1. For every other residue with a beta carbon closer than 12 angstrom to the beta carbon of VAL132, add +1 if it is Lys or Arg and -1 if Asp or Glu, then tell me the sum.
2. With a 1.4 Å probe and all protein chains left in place, how much accessible area per residue does the range 1-125 have, in Å²?
3. Considering only protein heavy atoms and a 1.4 Å probe, what is the carbon-and-sulfur percentage of the accessible area of the range 1-91?
4. Is the range 1-131 rounded, prolate or oblate when judged by the Cα gyration tensor, a ≥ b ≥ c being the square roots of its eigenvalues, rounded requiring a/c under 1.5 and prolate requiring a/b larger than b/c?
5. Give the ranking of GLU43, GLU24 by solvent-accessible surface, highest area first, calculated with a 1.4 Å probe.
6. Within 14 Å, Cβ to Cβ, of ASP21, how many net charges do the neighbouring residues add up to if Lys/Arg are +1 and Asp/Glu are -1?
7. How would SER3, SER53 rank on accessible area, largest to smallest, probe 1.4 Å?
Amino acid sequence: MPSLDDLLSRIPVDQIARRLDVDEQTAATAVRAALPTLVGGLEANTRNPDGASSLLSALDQHRNSALLDGGVDVTDVDTADGDRIVANVFGDNRDRVVQTLGRADGAGGNDLVARLLPILAPIVLTYLAEQVGRNSGGQGGLGDLLGGLLRSATSGTGSGGDSGGLGGVLGSVLGGNGGGLGDLLGGLLGGGKR
């Protein structure tokens, strides 16, 4: 079953660290904070029929990508495409998301997060396209997939478990250490914190 830990296992943190010129621990912390936020933003978009349709169209464009084949090579990531994805996902809230994630403990600051999100976004869309292609559930299936990924993060299921997994990071970011990300995502998701 797809989980954020499964997605995380496909992300070459060491390459990202080199590309962003930071140590691996900082890159890993930033990735682990940004990943559920990006998935949460995508999930929020599926709640609007136009947003869901737009996301399915974007997934079609990433369906035949070789990005995940044999492991991701960060040099193959189209960051211009990633920048467009991030802009579409967060819209006018993009700067707030970057600033909030940048304040998360150990995430490396706003500049690092701003450069990281366009690297992660195409990887996430390619992963989702792969999963949707396996399940072919359309808009409903996509919403279920994204919701399942978020539940896997908050419940601590997957290889990370309750200690040190994405669930702990997401919980700390949403629970207060992120300085308001829970409220921001709550707004994106159309309600309060989950």
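The values are calculated or read from the model by the stated rules, or taken from the named source; none is laboratory data. These numbers were taken from a predicted model, which means no experiment stands behind them. Methodologically, a virtual Cβ is constructed for each residue, glycine included, from the backbone with ideal geometry; neighbour enumeration extends over all protein chains shown. Protein only, heavy atoms only, side chains kept; ligands, DNA and RNA dropped before computing areas. Shrake-Rupley method; radii C 1.70, N 1.55, O 1.52, S 1.80 Å.
1. Once positives and negatives cancel, what remains is -1.
2. 44
3. C and S fraction of accessible area: 43 percent.
4. Oblate is the answer for the range 1-131, as a/c is 1.5 or above yet b/c matches or exceeds a/b.
5. These residues rank, largest area first, as GLU24, GLU43.
6. -1
7. The ordering from most to least exposed comes out as SER53, SER3.
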